[in-house]
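Written out below as structure tokens is the structure these notes cover.
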Amino acid sequence: VQLQASGGGLVQPGGSLRLSCAASGSISSLVIMAWYRQAPGKQRESVATITVGGTSNYADSVKGRFTIARDNAKNTVSLQMNSLKPEDTAVYYCRGWNAAYDYWGQGTQVTVSS
């Protein structure tokens, strides 16, 4: 399965962006789908995760602002990002895994700046 992330860009503080991750195959067997991000000079960190059943979890830094969703029928995962802050600037990656496989997509750059 290949994961293709898209939707990044330049946005002003307080703005919104929606990231999408399209899979080349079925994601139904991927127990967890997630979005990670990596800012310059920092380690990659988990932003949001969602199980195949739809249970989601978020990093404290994005709770109440970001929403992850998955569509197992369309093999897509999205990340709606609202009230963006400069500290949200990073390369965002989607990931999907189960006990046997671990897939990463290429990154999409999100820049929050005035």
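The values are calculated or read from the model by the stated rules, or taken from the named source; none is laboratory data. What you are looking at is a predicted structure, and each value in this text was computed from that prediction instead of being measured. For neighbour counting, all protein chains shown are included, and Cβ atoms are generated from backbone atoms with ideal geometry for every residue, glycine included. Areas reflect the complete protein model, heavy atoms only, side chains present, ligands, DNA and RNA absent. Shrake-Rupley method; radii C 1.70, N 1.55, O 1.52, S 1.80 Å.
Taking every protein chain into account, the accessible area of region 68-114 amounts to 48 square angstrom per residue (probe 1.4 Å).
Summing +1 for each Lys or Arg and -1 for each Asp or Glu among the other residues whose beta-carbon sits under 12 angstrom from that of LEU19 gives +1. When the chain is treated as a Gaussian network with alpha carbon springs shorter than 10 Å, the biggest mean-square fluctuation among ARG37, ARG65, ARG18 belongs to ARG65. Building the convex hull from the alpha-carbon atoms of region 1-75 and averaging its projection over directions returns 5.8 nm².
If the elastic network links every pair of Cα atoms under 10 Å, which of SER16, SER46, SER29 fluctuates the most in the Gaussian network model of the chain? Taking springs between Cα atoms under 10 Å, the residue moving most is SER29. So what is the relative contact order for the chain, in percent, with contacts set as C-alpha pairs under 8 Å and at least six apart? After rounding, I find 37 percent.
Could you look at the chain and say what percent of its accessible area is carbon and sulfur, using a 1.4 Å probe and all protein chains?
About 48 percent, which is the carbon plus sulfur part of the accessible surface.
Roughly speaking, what is the centre-to-centre gap between region 96-114 and region 19-37 when only Cα atoms are used, to the nearest Å? Here the answer is 9 Å between Cα centres. A simple spin-label model places pseudo-atoms 7 Å from Cα toward Cβ; at GLN2 and VAL31 they are separated by 2.8 nm.
Considering only ASN98, ASN57, ASN72, the mean-square fluctuation computed in a Gaussian network model of the chain, springs between alpha carbons under 10 angstrom, is largest for ASN98.
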